[in-house]
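The values are calculated or read from the model by the stated rules, or taken from the named source; none is laboratory data. Everything quoted here is computed from the prediction, not taken from an experiment. All Cβ positions, glycine included, derive from the backbone under ideal geometry; neighbour counts span all protein chains shown. Ligands, DNA and RNA are stripped out before the accessible areas are found, and what is left, the full protein with its side chains, is counted by its heavy atoms. Shrake-Rupley method; radii C 1.70, N 1.55, O 1.52, S 1.80 Å.
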Amino acid sequence: MSTETVPPDTAGVSLAAALLRIGSVVAVPTETVYGLAADATNADAVARIYAAKGRPSFNPLIAHVSGADMAAEHVEVSPLARRLIDAFWPGPLTLVLPRKPGSPIAAIVTAGLPTLAVRCPDHPVPQALIAALGRPLAAPSANASGQISATRAEHVLKSLGGRIPLIIDGGPCKGGIESTIVAVDGHRLRVLRPGGVPREALEAFAPISLGGSGIEAPGMMESHYAPSKPLRLDAQTASDDEFLIGFGAIAGDISLSPTGDAVEAAARLFDCLHAADASGADAIAVAPVPCEGLGAAINDRLRRAAAPR
């Protein structure tokens, strides 16, 4: 299969929509990372996502919707969930909610779970495709399973070239890190994956706990987002065979943020990991990043990237 890259213009979006309608997959930009999209109601199409990524079938996907009304067609939206939707959508917050029995979302999207993860992307390309299709898009990150997420079209091409027919090149993703995933349990929230909405922003809405039992949502596998080289965390200096990703006062060979800005670091995280992986070094070291705010999501990705394979 040859992989075509097109701009995010009317012709490019129309071509992508036509492919989605016939059950194909398309890589698209979002405000977080690039996603590999398919019609979420078409089980065969969604299976092509798993096949292209080499993704384990027990790992569920996020259904991307146009907004609150489309979400309510597929999940039970509690009052607390509605307040979160009003506050953070469109944007990098995914809600895990009970799936409605009549929802046409393919069971493969939920990996057999009674819940469905839904998100409203803050980017014109996926929104245009959802509108053209009239249905949610299943869209995990557009990279081979377990590898570094893609924040540029060239990252997608390097990882999935020859496996998918089309990439819409929308330039670099402004957020650079995946969405926060939250399970809404009655009047409480469980953060299943830290991401673009910091925990501190959610604490105003409900009591919060961390984690869950088993794989309840994307991004919960212990080893994930991984470069091909060994990764060492909290490094003050690098050994001769290491490529150092700096932060703040630790300059490194490349820096997440020379000023110690967590927003800049989140946007540059996967770019820096891709650069380090492509370097001639045998291993990668990363300077410490404080865990406050977006730093929690950055450290979550780094911990999983450094986990034993």
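When we measure straight from the Cα of residue 174, which lysines land under 30 angstrom away, once same-chain ones fewer than 8 places off are left out? Once the sequence-local lysines are set aside, what remains near residue 174 is 53, 158, 229. Hey, any idea what % of the stretch 1-63's accessible area is carbon plus sulfur with a 1.4 Å probe? The computed percentage sits at 58. Per residue, the stretch 25-73 exposes an accessible area of 27 Å² to a 1.4 Å probe, with every protein chain left in place. Only DSSP H runs of four or more residues enter the estimate; each adds -39500 (n - 2.57), and after division by the residues of the chain the mean residue ellipticity at 222 nm equals -8500 deg cm²/dmol. Residues 100, 174, 229, ordered by accessible area of protein heavy atoms at a 1.4 angstrom probe radius and largest first, appear as 174, 100, 229.
Backbone amide hydrogens, once placed in the peptide plane, bring residue 94 within less than 5 Å of 180, 181, 182, excluding anything fewer than 5 places away on its chain. The local environment of residue 287, defined by Cβ-Cβ distances under 12 Å, has a net charge of -2 under the rule Lys, Arg +1 and Asp, Glu -1.
Counting only protein heavy atoms and a 1.4 Å probe, tell me what percentage of the stretch 203-301's accessible area is made up of carbon and sulfur. Reported share for carbon and sulfur atoms: 55 percent.
For the chain, the membrane-span-like helix rule (DSSP H, alpha carbon extent of at least 20 Å along the helix axis, mean Kyte-Doolittle at least -1.0) picks out 262-278; this says nothing about an actual membrane. Take every DSSP beta bridge whose two residues both sit in the stretch 158-309; close to 35 percent of them are antiparallel. Listed values for the stretch 69-74 are Karplus-derived 3J(HN,Hα) couplings in whole Hz (6.51 cos²θ - 1.76 cosθ + 1.60, θ = phi - 60°), namely 5, 5, 4, 5, 6, 10, and x replaces Gly and Pro. Among DSSP beta bridges lying fully in the stretch 1-155, give the percent that are antiparallel, nearest 5. DSSP beta bridges in the stretch 1-155 are roughly 80 percent antiparallel. For the stretch 136-229, the solvent-accessible area with a 1.4 angstrom probe is 36 square angstrom per residue. Placing R0 at 41 angstrom, the Cβ-Cβ distance between residue 15 and residue 222 gives a FRET efficiency of 0.60 after rounding to 0.05. Calculated FRET efficiency, residue 239 to residue 291, Cβ-Cβ distance, R0 = 30 Å: about 0.75 to the nearest 0.05. Accessible surface of the stretch 108-188, 1.4 Å probe: 54 percent of it comes from carbon and sulfur atoms. Here is the list for the stretch 44-90: chymotrypsin sites (Phe, Trp or Tyr not before Pro) lying in DSSP coil, each with at most 12 other C-beta atoms within 10 angstrom of its C-beta, are 58. Per residue, the convex hull spanned by the alpha carbons of the chain comes to 119 Å³.
Looking at the chain, the DSSP beta bridges with both ends there are about 45 percent antiparallel. The Cβ shell under 12 Å around residue 90 holds other residues with a net charge of -2, Lys and Arg each +1, Asp and Glu each -1. Stretched out straight at 0.36 nm per residue, the stretch from residue 2 to residue 43 would grow longer than its current Cα-Cα span by 12.4 nm.
A cut-off under 12 angstrom between Cβ atoms defines the neighbours of residue 209, and their net charge, with Lys, Arg +1 and Asp, Glu -1, is +1.
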